[in-house]
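The values are calculated or read from the model by the stated rules, or taken from the named source; none is laboratory data. No experiment lies behind these values; they were computed from the predicted model shown. Positions of Cβ are generated from backbone atoms using ideal geometry, with glycine treated the same way; all protein chains shown enter the neighbour counts.
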């Protein structure tokens, strides 16, 4: 029976073998149908894993913000014909804060076998390293862009920490990181813990947890860096 593989990708530049399982080598080598966010970067990633992969023999379906929902079922036609299909995210694990989840849901509806491959999730790695509550946590995706709406959301998340002891995890577009940090430092209580996890698994990895009061003494420069934020 054909399988839909969820293939993880690296989070940062470097040797893929340091963060990804050897299992992805035969999967990428033998699979000919791929659902990806960006064809060009996926081709480069596949060549890093196995230089002898014949990219020209592969079929790629692009799944990103420009993809129409009506196109998604067509991406799974190879499965119905008996061919394996692999979903590859731009970074980390497919289906987690990733458009691949929409295709996976359709695959389940059609009765296809879905096979997740172990790989790095910046969300879970940040939580692991934060020292914050890992028994009860929530990932909130992106916070509102407008400053007044964003500060209201931060206050609401902080209330969940106080009332439920629930760690709150969120992300931001890299060029707005510094604005988000500024709002966190202005809005949160001095005793609230903030973990900033940047460039996870990269050579310049930065994961530090401090109180808001301590962060106010020295704010890191995070412009255009991939960051996960946690408060608890």
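At a glance:
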quantity	calculated
Residue in segment 39-58 that is farther than 15 Å from residue 120 by Cβ, assigned to a strand (DSSP E or B) and outside the structural domain of residue 139 (by TED's automatic domain parsing) present	no
Among residues of segment 59-85, those that are in a loop (DSSP other than H, G, I, E, B), surrounded by 12 or more Cβ atoms within 10 Å (Cβ to Cβ) and modelled with pLDDT of 95 or more, counted	3
Failed criterion for residue 36 (all others in (1) in contact (Cβ under 8 Å) with a residue 24 or more places away in the chain; (2) within 18 Å of residue 100 (Cα to Cα); (3) surrounded by fewer than 14 Cβ atoms within 10 Å (Cβ to Cβ) hold)	(3)
Residue count, segment 201-228 (criterion: outside any loop (DSSP other than H, G, I, E, B) and either touching a helix residue (DSSP H, G or I) at 6+ places or on another chain (Cβ under 7 Å) or not assigned by TED's automatic domain parsing to the domain that holds residue 177 (or both))	6
Looking only at segment 189-200, and only at residues there that are in contact with a strand residue (DSSP E or B) (Cβ under 8 Å, 6 or more places away or on another chain) and outside any strand (DSSP E or B), the one that is surrounded by the fewest Cβ atoms within 10 Å (Cβ to Cβ)	191
Residue among 101, 129 that is out of contact with any helix residue (DSSP H, G or I) (no Cβ under 6 Å at 6 or more places or on another chain), surrounded by fewer than 20 Cβ atoms within 10 Å (Cβ to Cβ) and not assigned by TED's automatic domain parsing to the domain that holds residue 205	101
Residue among 141, 134 that alone is in contact with a strand residue (DSSP E or B) (Cβ under 9 Å, 6 or more places away or on another chain), outside the structural domain of residue 33 (by TED's automatic domain parsing) and in a loop (DSSP other than H, G, I, E, B)	134
Single condition residue 101 does not satisfy, out of (1) touching a residue at least 40 places away in the same chain (Cβ under 8 Å); (2) under 15 Å from the mean Cα position of the chain (by Cα)	(1)
Yes/no for residue 149 being surrounded by fewer than 13 Cβ atoms within 10 Å (Cβ to Cβ), more than 22 Å from residue 98 (Cβ to Cβ) and in contact (Cβ under 8 Å) with a residue 40 or more places away in the chain	no
Candidates 192, 167 - the one that is more than 14 Å from residue 221 (Cα to Cα), at pLDDT 95 or above, over 21 Å from the mean Cα position of the chain (by Cα) and not assigned by TED's automatic domain parsing to the domain that holds residue 10	192
Subset tally (residues that are in contact with a strand residue (DSSP E or B) (Cβ under 6 Å, 6 or more places away or on another chain), surrounded by fewer than 17 Cβ atoms within 10 Å (Cβ to Cβ) and assigned to a loop (DSSP other than H, G, I, E, B)) for segment 104-116	0
Search result, residues across segment 10-38 that are touching a helix residue (DSSP H, G or I) at 6+ places or on another chain (Cβ under 6 Å) and assigned to a strand (DSSP E or B)	33, 35, 36
